[in-house]
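This report concerns only the one structure given below.
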Amino acid sequence: NAGVTQTPKFRVLKTGQSMTLLCAQDMNHEYMYWYRQDPGMGLRLIHYSVGEGTTAKGEVPDGYNVSRLKKQNFLLGLESAAPSQTSVYFCASSSAWGEGDTQYFGPGTRLTVL
Amino acid sequence: AQSVTQLGSHVSVSEGALVLLRCNYSSSVPPYLFWYVQYPNQGLQLLLKYTSAATLVKGINGFEAEFKKSETSFHLTKPSAHMSDAAEYFCAVSERGNLIFGKGTKLSVKP
C-alpha cells in the first residue's frame, strides 16, 4: 500500500514549456486535491476532484488545468509555465468530502521554472 | 470564508522543554480543525484533528491540542520536546470539504 505517490519528484522547466504532474493513490479514495506550497504562504488549493471525470477550481487555479480520467489518478497540467509557478506541488486524497475527513498527502514535486 | 492564523513563523525550544504552537481560527460555524506536520523534504502527515467529539484531542508522537471555542483557538502542545520533533507544523480548518491552511510554524529543537 503506497498511499499517495507523485511523479516526478523534481523538475526544471523553461518559461513557456509545458508539463504534467501525475498523482496516483491506491486507497480507492473518491476525492483528490492539488496544492501548491510557497515559503510563508502555507498550502493553497489549486484544483480538486470529487470523483472520476469531475474537477473544480480551488483558491489559485489560474495557469493550471487538471484531469481525472481514472479514479486513482489526478493529473495537473501547466500549459505554458511561468516563473511564478515555481513551487512545491502536493497531491492529496480523501475517502469522503466531509468536514472532518482526513486528507492524505503525497511526498511532493519540486518545480522550478526558469 | 474561514481562515487560520498561526502565531509565530518560527519557534525554538530546548530538548525536553514544553512545545506550544499557536493556532487561531475564524469560523461562523462549529469548525473541524487539523494539525499536520511536515518533516524536511516530505509531504504532510496528520498529527490530530478535532471533529467536536472532545475538546482535548490526542495525536501521534505525544502531541495534543485543546479546542477553546471562547478563544477561537486550537493550540498544539507537547510536554517534552525531542530532537525528532523539528519540522514545520500546519494548522488547518475544513471549509465545505476543503482544507484552509495557516502559513505554518517551523519548530527548531536545540540540544
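Overview of results
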quantity: The range A:48-69, subset away from chain B (no Cβ under 12 Å) and in contact with a His (Cβ under 6 Å, 6 or more places away or on another chain), residue surrounded by the fewest Cβ atoms within 10 Å (Cβ to Cβ); calculated: A:Pro61
quantity: Lone unmet requirement of (1) under 11 Å from the mean Cα position of the chain (by Cα); (2) in contact (Cβ under 8 Å) with a residue 60 or more places away in the chain; (3) under 22 Å from B:Ser84 (Cβ atoms) for B:Thr5; calculated: (3)
quantity: Every residue from the range A:6-19 that is of a type outside the set (A, V, I, L, M, F, W, C) and either without any contact (Cβ under 8 Å) to a residue 40 or more places away in the chain or surrounded by fewer than 14 Cβ atoms within 10 Å (Cβ to Cβ) (or both); calculated: A:Thr7, A:Pro8, A:Lys9, A:Lys14, A:Thr15, A:Gly16, A:Ser18
quantity: Options B:Ser52, B:Ser73: the member that is of a type outside the set (A, V, I, L, M), at positive phi and free of Cβ contacts under 8 Å to residues at least 60 places away in the same chain; calculated: B:Ser52
quantity: Residues satisfying the stated conditions in the range B:87-111, i.e. more than 13 Å from B:Tyr25 (Cα to Cα) and either free of Cβ contacts under 8 Å to residues at least 40 places away in the same chain or not aliphatic (A, V, I, L, M) (or both); calculated: B:Glu88, B:Tyr89, B:Arg96, B:Gly97, B:Asn98, B:Gly104, B:Thr105, B:Lys106, B:Ser108, B:Lys110, B:Pro111
quantity: Single unsatisfied condition, B:Val57 versus (1) under 23 Å from A:Val88 (Cβ atoms); (2) among the aliphatic types (A, V, I, L, M); (3) free of Cβ contacts under 8 Å to residues at least 40 places away in the same chain; (4) surrounded by 20 or more Cβ atoms within 10 Å (Cβ to Cβ); calculated: (1)
quantity: Residue, nearest to the other protein chains (Cβ to nearest Cβ), within the range B:60-97, restricted to residues that are assigned to a loop (DSSP other than H, G, I, E, B) and modelled with pLDDT of 95 or more; calculated: B:Phe63
quantity: Meets criteria (without any contact (Cβ under 8 Å) to a residue 60 or more places away in the chain, out of contact with any Phe, Trp or Tyr (no Cβ under 6 Å at 6 or more places or on another chain) and within 12 Å of chain A (Cβ to nearest Cβ)) for B:Tyr39; calculated: yes
quantity: Condition check for A:Gln37: in contact with a Leu (Cβ under 6 Å, 6 or more places away or on another chain), closer than 19 Å to A:Lys9 by Cβ and in contact (Cβ under 8 Å) with a residue 60 or more places away in the chain; calculated: yes
quantity: Filter pass, B:Arg22 being exposed (fewer than 13 other Cβ atoms within 10 Å of the Cβ) and within 29 Å of A:Ser87 (Cα to Cα); calculated: no
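Here is a yes/no grid of residues against (1) within 8 Å of chain B (Cβ to nearest Cβ); (2) closer than 24 Å to B:Ser3 by Cβ; (3) surrounded by 17 or more Cβ atoms within 10 Å (Cβ to Cβ):
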site: A:Arg36; (1), (2), (3): no, yes, yes
site: A:Ile46; (1), (2), (3): no, yes, yes
site: A:Gly77; (1), (2), (3): no, no, no
site: A:Leu111; (1), (2), (3): no, no, yes
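The values are calculated or read from the model by the stated rules, or taken from the named source; none is laboratory data. Since this is a predicted model, take the numbers as computed values, not measurements. When we count neighbours, we look across all protein chains shown, and the Cβ atoms used for this are built from the backbone with ideal geometry, even at glycine.
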